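Below is one structure, written out as structure tokens; comments come after it.
The values are calculated or read from the model by the stated rules, or taken from the named source; none is laboratory data. Computed from a predicted structure; not experimentally measured. Neighbour counts are summed over all protein chains in view; Cβ atoms, including those assigned to glycine, are modelled from backbone coordinates with ideal geometry.
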Amino acid sequence: MRFPKLFEPIRIGKVTIRNRIAMAPMVTQYCDRGYVSEQQMAYYAARARGGVGLIVTEHVLASHWAEDNCPLNVMGLYDTHHMLGLAELVETIHAFGAKTFVQLNLGVGIQGSSLRAGLQPVGPSAVSYRVPAEMVPRNCLEPFAPFMVGELPREMSIDEIEREQISFVKAAMMARAVGFDGLEIHAAHGFLLSEFLSPRFNLRTDRYGGSLDNRMRFLLELVRKVRAAVGDEMALGVRLSADEHTPGGTTYQDTCAVVEQLEHEGVDYLHVGDGCFESLKYTIPDQPGSMIDEAAGFKKLTAMTVVTPSIHDPAAAEKAVSDGMTDMISLGRQLIADPDWARKVRDGKLADITTCDRCNRGCFARIFQGLKVKCIRNPESGLERYNPQYTQWQVRQRAIERRAAVIVR
Ligand SMILES: Cc1cc2nc3c(=O)[nH]c(=O)nc-3n(C[C@H](O)[C@H](O)[C@H](O)COP(=O)(O)O)c2cc1C
């Protein structure tokens, strides 16, 4: 095998994963106003069938309030009815041999919009964002225009912080109940939890603002509460932006200090991200491997498993893992372009891979137009529900079970 390290199993906490390839969380807008759709199940089934070891779901909102503030069509897990579709989604992914972690988010914070429910956005402080045109990812300027300047948010009260933490812990318990193997707390990319970490967006003078210790209090309290609620059977991870790349924002040094504390709290893995809403070009990079040096720095600092996105080239991915710069890679856009990337790499069929050219036209640009994710290089993307290979796994599984029963008899 040409890429032995990529296909070595790995343990995160108590969860064993068949290889070092994860699907990175990506909003799809396939859900039906927060509930899992048939299309979504088929889309994830295709990626699990395509050989990745782990699927981290798109971000899932952990409170009603978070959803009311969110301008996009994002999945929810704050109501027991959300559990129905999510349980089926987990079952589907497991049927194809992959593990799955849910990415839970406490909301988009100051990126929120009153357009949705007439509510003023909330954040750590009354600081609005402003996106310089040169920081908008490639080919996204036009669809992004309505979101270039944020509305003036209001500061969250301590009661609201505590209420949101309770909602998050309930979501975590529901995630465990539906069978997710792990849970990733989304504290990256300028969303609410990362805004609390940021000296640019958090100007509070109470115990949740000021020093870095205070700014990370919200996240660390949450980590402790979640771990106490779900136990250690579930893998627990946190996604952090290595650097906010915005004036006055969180620096790499700040993030290193947060990473040390997360390890101290018993977090199992770190999913590397980058940038914030004001520097989205770093979150959705044009260049491969843009986060690998930061990831390698984290690896020196912590024994937590480190997962690094945006290395689409198999040889570069193998090298990054075998050189110890990261423990796992996560693929985002490359897996929309080709759900079978992992299988093709394992079988040495590299020429068959449909490569992602990081154009963002079908994926990232569309979500800001209220459209569902697609890839202009993959005609099946967004239409996976019509492919019986992804939707009729239950039928096949039952047939296999019937055959096994006959043999046993
Ligand atoms: C359409 C789209 C949606 C995304 N949604 C999320 C998300 O829900 N949560 C998250 O942490 N990152 C999200 N990301 C960032 C990806 O997880 C990933 O880090 C980034 O796209 C870089 O990796 P790539 O080059 O493999 O795409 C999203 C990216 C794209 C393109």
Any helices (runs of 4 or more DSSP H) falling wholly within the range 122-217 and containing at least 1 residues that are buried (at least 17 other Cβ atoms within 10 Å of the Cβ) and modelled with pLDDT under 95: 141-144
Being under 18 Å from residue 335 (Cβ atoms), in contact with a Leu (Cβ under 7 Å, 6 or more places away or on another chain) and either touching a residue at least 12 places away in the same chain (Cβ under 8 Å) or surrounded by fewer than 18 Cβ atoms within 10 Å (Cβ to Cβ) (or both) is true for just one of 257, 317. Which residue is that? 317
Any residue in the range 386-402 that is within 16 Å of the ligand (Cβ to nearest atom) and either modelled with pLDDT under 95 or not β-branched (Val, Ile, Thr) (or both)? no
Apart from one, (1) in contact with a helix residue (DSSP H, G or I) (Cβ under 7 Å, 6 or more places away or on another chain); (2) surrounded by 19 or more Cβ atoms within 10 Å (Cβ to Cβ) all hold for residue 268; the odd one out is (1)
What about residue 244, is it outside any helix (DSSP H, G or I), closer than 20 Å to residue 168 by Cβ and not hydrophobic (A, V, I, L, M, F, W, C)? no
Could you please find all residues in the range 238-254 being surrounded by fewer than 24 Cβ atoms within 10 Å (Cβ to Cβ) and either within 16 Å of the ligand (Cβ to nearest atom) or not hydroxyl-bearing (Ser, Thr, Tyr) (or both)? 243, 245, 247, 248, 249, 253, 254
(1) near the ligand (Cβ under 9 Å from one of its atoms); (2) surrounded by fewer than 24 Cβ atoms within 10 Å (Cβ to Cβ); (3) in contact (Cβ under 8 Å) with a residue 60 or more places away in the chain all hold for residue 312 apart from (3)
Against the condition in contact (Cβ under 8 Å) with a residue 24 or more places away in the chain, charged (D, E, K, R), surrounded by fewer than 20 Cβ atoms within 10 Å (Cβ to Cβ) and not in a strand (DSSP E or B), how does residue 232 come out, does it pass? yes
